[in-house]
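Okay, here's the structure, questions in a sec.
No value in this document is a laboratory result; all are computed from the given coordinates. Please read all numbers here as calculations on a predicted model, not as lab measurements. Cβ sites come from the backbone with ideal geometry, for glycine too, and all protein chains shown count toward neighbours.
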């Protein structure tokens, strides 16, 4: 009988990589070490074990994802497979959609002249950014 490749728990950095929240395990580990990932409301180390039912909160600015782990996995597969590893909470989806809409409606400030902006142009841009 072949040995199963999935266990009932797996390292957090491996799971985030397998669920395709980060392109590499190194990026996942950096985010965890930087406090951008919490498990069940607690800041954890990259070696923390996650299992089905755990709540994982991932901050990838400007968005924040609140996920329920459905299945632990150490193996990265296609995106459709990775999506089966978790379920995003309804509140998280609504918050991201609201923020996405706010960012889309926000005025985009850029310099449209030639070359570097003059001191006067920079002051105007600063006033626009501050909302004066």
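So for region 1-88, averaging the separation of alpha carbon pairs under 8 Å that are six or more residues apart and normalising by length, what relative contact order in percent results?
Relative contact order, region 1-88: 32 percent.
Taking region 90-132 as the region of interest, what is the percent of Cα-Cα pairs per 5 angstrom bin, listed from the shortest bin to the one with the maximum distance?
The distribution over region 90-132 is 5, 19, 17, 15, 13, 10, 9, 6, 4, 1, given as percents.
Right, next: By how many nm would the segment from residue 47 to residue 84 grow when fully extended, if each residue of separation counts as 0.36 nm and the alpha-carbon distance is taken off?
Extra length available between residue 47 and residue 84 comes to 11.1 nm.
Which of the peptides 56-66, 98-108 is most tightly packed, and how do the rest follow, going by the mean number of other Cβ atoms within 10 Å of each residue?
Ranked from most to least packed, the peptides come out as 56-66, 98-108.
Follow-up. For region 1-88, report the % of Cα-Cα distances exceeding 16 Å.
Distances greater than 16 Å cover 47 percent of the Cα pairs.
With springs only between Cα atoms under 10 Å apart, run a GNM on the chain and tell me which of 110, 92, 47 wobbles the most.
110
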